[in-house]
Amino acid sequence: MRTHRNGDLRADHVGREVALCGWVARRRDHGGVAFIDLRDASGVVQVVIHDEAVAHPLRSEFCLRIEGTVRRRPEGNDNPNLATGQVEVEAASVEVLSESAVLPFPIEEHEATPVTDEVRYRHRYLDLRRPGSAAALRLRSDVNQAARSVLLAEGFVEVETPTLTRSTPEGARDFVVPARLQPGSWYALPQSPQLFKQLLMVAGLERYFQIARCYRDEDFRADRQPEFTQLDIEMSFVVEDDVIALGERIVVALWRLVGHEIALPIPRITYADAMRRYGSDKPDLRFGVELVDCTDYFAHTTFRVFQAAHVGAVVMPGGASQTRKQLDGWQDWAKARGAKGLAYVLVDGDGELGGPVAKNLTDAERDGLAAHVGAAPGDAIFFGAGPVRSTLALLGAARNEIGRRCDLIDDDAWAFTWVVDAPLFEPTSETDDVAVGAGAWTAVHHAFTSPKPECLDTFDTDPGSALAYAYDIVCNGNEIGGGSIRIHQRDVQARVFEVMGLGEAEAEEKFGFLLEAFRYGAPPHGGIAFGWDRVCALLAGTPSIREVIAFPKTGGGMDPLTGAPAPITAGQRKEAGIDAVPEADSGA
RNA sequence: GGUCCCGUGGUGCAGUUUGGAGUGCACGCCGGCCUGUCAAGCCGGAGGUCGCGGGUUCAAAUCCCGUCGGGACCGCCA
């Protein structure tokens with residue numbers, strides 16, 4: 001149908017008879033001579049039409065086939081902004097393959113006329129005609145290819161696992177699907193292929209991967225969709241360093257796609273250090289600014305607010321010059337996060353302390369404070385006081401906010417780190433009260449994560465101190481992947497379930513198939529899963545994963561294009577067996 | 001479940017604080033003119049339930065209440 005791709009035409013095609021296809025990106029009709037920018041997937045080339053009767057009816061986004069001759073553009077008429085700007089195609093014939101209705105929004109986007117995301121996604125097939133939008137999907141394709149190349153070269157097997165599976169009590173709410181043939185019974189869509197990939201290890205595949213669609217019925221964010229994709233990987237006969245090394249080989253290959261060479265090895269930080277120094281399990285290491293523990297410093301303080309389980313501080317460089325309004329803004333910012341406020345002390349140019357908190361401190365406390373937290377004259381010191389975890393989290397969020405407001409973050413930087421040695425369990429309750437009873441613990445990673453070898457004997461008697469054989473990879477403050485060495489011994493798995501308050505009978509009912517499989521010589525194994533949408537969004541340089549998803553959903557879980565979800569007919573309801581009344585004893 | 005922002009011809013905005021005729025800007029659309037443009041240009045024109053419902057008022061895009069939709073955040077998301 002065509003002889004060339006529009007964007008490929010160059011000066012050395014001059015004189016060539018060509019047939020081109022594409023869409024009318026823009027037309028400039030001078031009445032007698034008209035110029036059509038003809039766009040296809042490869043780019044744009046200018047077509048010249050001298051027959052006004054042919055050119056006049058053409059409109060934006062008409063789909064055309066053109067036969068003509070490639071010509072050097074007349075002297076002085078080159079367009080250096082186009083790859084094809086040295087040439088043009090003199091049309092001998094113009095065939096309208098398909099007319100276009102008036103567009104709901106301009107395809108050719110100018111900076112002056114952006115289009116809101118909802119409109120773009122409702123007509124995503126038009127949005128994707130835009131080179132910028134399409135580039136994100138093309139990049140994603142390249143990212144998939146790069147990951148496959150690394151994994152296939154290392155002997156991994158790509159396996160598809162079911163998307164109609166069994167509801168298991170993991171972290172998130174399941175999407176469920178009625179089973180027509182067994183009314184009252186339901187499939188669940190997988191939150192991840194976790195259990196299946198472990199079974200594949202029992203099956204002896206040794207090295208598995210899958211670009212896997214996962215489903216979680218939770219509320220959405222800019223970086224969260226109800227269905228999302230993981231690069232899911234599992235390996236047998238490995239230790240943590242083996243999986244981390246593989247993960248590094250993958251991210252190196254991915255970031256090469258955008259011209260960045262990641263220095264190896266990627267640094268590691270323990271979960272405890274990440275929380276202590278950055279107040280986050282996914283610290284943004286593109287900038288400094290660390291939290292300072294002031295708990296001991298204020299151990300004997302008379303200031304009521306600082307008589308707390310944890311007192312911490314974070315310094316805002318130059319923050320003392322903030323206006324009253326800006327300082328009040330921080331209070332609102334903290335309250336929006338559920339904190340009472342954000343105490344602060346300002347260090348003036350002479351090193352004198354100011355602000356409402358300063359007068360509540362003793363002379364001794366004031367004298368050493370700036371030195372203790374590392375504040376210089378002109379800085380502001382923000383304090384958090386309260387339960388350890390929530391206080392560190394608040395200070396960590398404040399640190400990120402300081403990074404933004406003080407413009408400390410280099411947008412072109414890539415800062416990777418592994419966060420290792422996360423706790424195996426965390427208390428179910430919000431408080432830091434350690435005296436919670438058994439069953440009040442939940443897995444930080446997931447229920448199949450092995451305790452570190454040194455915790456194997458003690459993790460169930462002292463769950464709070466047990467460390468997980470787990471690792472997360474963090475890029476610029478985003479968790480882009482995480483994994484663990486799994487439990488492969490049936491008795492260890494049972495003890496973990498016990499700590500979580502999952503009794504033998506219930507464990508048997510929910511995970512019986514896995515425990516059964518582990519009876520037959522399960523190999524030690526571990527793996528990792530990358531949040532593929534986030535990885536692609538980072539590489540594409542976009543803040544929202546929607547840009548790297550072909551047909552994304554809105555925050556309400558709606559597909560603005562198809563209108564899903566939508567009501568079904570009474571007939572469909574009946575056939576699906578949705579309204580079947582469960583047996584009284586079927587559990588809930 | 002909670003907080004905040006947005007909703008005005010097809011698109012993107014301004015107008016809302018301080019109520020006074022659907023007022024304005026840019027793009028697009030339709031018609032005309034135009035033989036070297038490249039965001040072509042010039043002239044003319046069409047196009048509106050100011051998201052929806054209720055209230056206050058002589059009068060509501062504007063103020064109040066509710067609701068729907070979109071976005072961001074907290075909770076939640078192993």
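What the phi angles of the range A:86-102 give under the Karplus curve with 6.51, -1.76 and 1.60, with θ = phi - 60°, is a coupling list of 8, 10, 8, 10, 7, 6, 8, 8, 10, 10, 7, 6, 6, 7, 10, 5, 4 Hz, glycine and proline written as x. Each helix, a run of at least 4 DSSP H residues, gives -39500 (n - 2.57); summed and divided by the residues of chain A, these come to -8000 deg cm²/dmol at 222 nm.
How big is the C-alpha Rg of the range A:228-328 next to the rule-of-thumb value 2.2 N^0.38 Å, as a ratio?
Values: Rg = 20.5 Å, N = 101, 2.2 N^0.38 = 12.7 Å.
The value comes to 1.61.
Directionally averaged projected area (the range A:378-509, Cα convex hull): 10.5 nm².
Taking all protein chains as shown and a probe of 1.4 angstrom, A:L137 keeps an accessible surface of around 50 Å².
Amide H to amide H distances under 5 Å link A:A343 with A:F383, where only residues 5 or more positions off or on other chains count and H is placed in the peptide plane.
Whole-Hz Karplus values for the range A:256-263 come out as 5, 4, 10, x, 10, 9, 7, 6 Hz, taken residue by residue from phi with 6.51 cos²θ - 1.76 cosθ + 1.60 and θ = phi - 60°; glycine and proline positions read x.
Among the chymotrypsin sites (Phe, Trp or Tyr not before Pro) in the range A:487-537, those placed in a DSSP loop whose Cβ has at most 13 other Cβ atoms within 10 Å are A:Y520. If I model a spin label at A:I211 and A:A135 as a point 7 Å from the Cα along the Cα→Cβ vector, what separation in nanometres do I get? Label at A:I211, label at A:A135, 2.0 nm between them. Remark on the range A:189-229: ratio of C-alpha radius of gyration to 2.2 N^0.38 Å is 1.41. Ignoring aspartates and glutamates fewer than eight residues from A:K335 along the same chain, the ones with Cα atoms less than 19 angstrom from its Cα are A:E401, A:E430.
Between the beta carbons of A:A263 and A:A179, assuming R0 = 60 Å, the FRET efficiency works out to 0.75 to the nearest 0.05.
In a DSSP loop and with at most 14 other Cβ atoms within 10 Å, the trypsin sites (Lys or Arg not before Pro) in the range A:509-588 are A:R519.
In this structure, A:F513 and A:A576 have a Cβ-Cβ separation that, at R0 = 30 Å, corresponds to a calculated FRET efficiency of about 0.75. Projecting the Cα positions of A:W330, A:L353, A:L408 onto the charge dipole of the range A:322-450 (unit charges on Cβ atoms of Lys, Arg, Asp and Glu, taken about the Cα centre) puts A:W330 furthest along the positive direction. For A:A92, the residues 5 or more places off, or on other chains, whose built amide H falls under 5 Å of its own are A:E67, A:G68, A:T69.
Quick check for me: using +1 on Lys/Arg Cβ and -1 on Asp/Glu Cβ, what's the dipole size of the range A:1-40 about its Cα centre, in debye to the nearest 20?
Numbers: 8 positive and 6 negative charges, 23 e Å.
That gives the range A:1-40 a dipole magnitude of about 100 debye.
Ordering A:V258, A:I233, A:M201 by Cα displacement along the dipole of the range A:192-268 toward the positive end leaves A:V258 in first place; charges were set at the Cβ atoms of Lys, Arg (+1) and Asp, Glu (-1). Taking a straight line from the alpha carbon of A:K359, these lysines sit under 20 Å away, with near neighbours fewer than eight places off in the same chain left out: A:K340. Mean projected area of the Cα convex hull of chain A, taken over all directions, amounts to 36.4 nm². Restriction of the trypsin sites (Lys or Arg not before Pro) in the range A:163-248 to DSSP coil positions whose beta-carbon has at most 13 other beta-carbons within 10 angstrom yields A:R180.
Separation of the range A:302-329 and the range A:172-236 by C-alpha centroid, Å? Distance between centres, Cα-based: 44 Å. Basic side chains Lys and Arg get +1 at the Cβ, acidic Asp and Glu get -1 at the Cβ, and with that the dipole of chain A about its Cα centre reaches some 1360 debye.
Place the peptides A:351-358, A:312-319 in order of packing, highest mean first, counting for every residue the other Cβ atoms within 10 Å and averaging per peptide. Before the final figure, lay out each step's value.
Details: A:351-358: 15.0, A:312-319: 22.0.
In descending order of packing, they fall as A:312-319, A:351-358.
If N is the number of residues in the range A:471-588, what value comes out of its Cα radius of gyration divided by 2.2 N^0.38 Å?
Details: Rg = 21.3 Å, N = 118, 2.2 N^0.38 = 13.5 Å.
So the range A:471-588 has a normalised radius of gyration of 1.58.
Note on A:Y125 and A:E90: the extension gain reaches 9.6 nm, defined as 0.36 nm multiplied by sequence separation minus the Cα-Cα distance.
For chain A, the solvent-accessible area with a 1.4 angstrom probe is 49 square angstrom per residue. Annotation: amide H-H contacts under 5 Å for A:F62 (H modelled 1.01 Å from N, sequence separation of 5 or more, or interchain): A:V24, A:S100. I'd like the distance between the alpha-carbon centres of the range A:141-164 and the range A:6-47, rounded to an integer number of Å. Comparing the Cα centres of the range A:141-164 and the range A:6-47, I get a distance of 39 Å.
Cross-link partners of A:K197 among lysines, defined as those whose alpha carbon lies under 19 angstrom from its own and excluding same-chain residues fewer than eight positions apart: A:K510. Helix A:324-336 and the longest principal axis of the Cα set of chain A meet at an angle near 80°. Return the carbon/sulfur percentage of the accessible area of chain A, one whole number, probe 1.4 Å, all protein chains in place. Answer for chain A: carbon and sulfur cover 51 percent of the accessible area. Of A:A272, A:S192, A:S465, which is farthest towards the positive pole of chain A's charge dipole, taken about the Cα centre with +1 and -1 on the beta-carbons of Lys, Arg and Asp, Glu respectively? Of the listed residues, the answer is A:S192.
The values are calculated or read from the model by the stated rules, or taken from the named source; none is laboratory data. Nothing here was measured: the structure is a model prediction, and the numbers come from that model. Here Cβ is always computed from backbone atoms with ideal geometry, including for glycine, and neighbour counts include all displayed protein chains. Note: areas computed on protein heavy atoms with side chains; ligands, DNA, RNA excluded. Shrake-Rupley method; radii C 1.70, N 1.55, O 1.52, S 1.80 Å.
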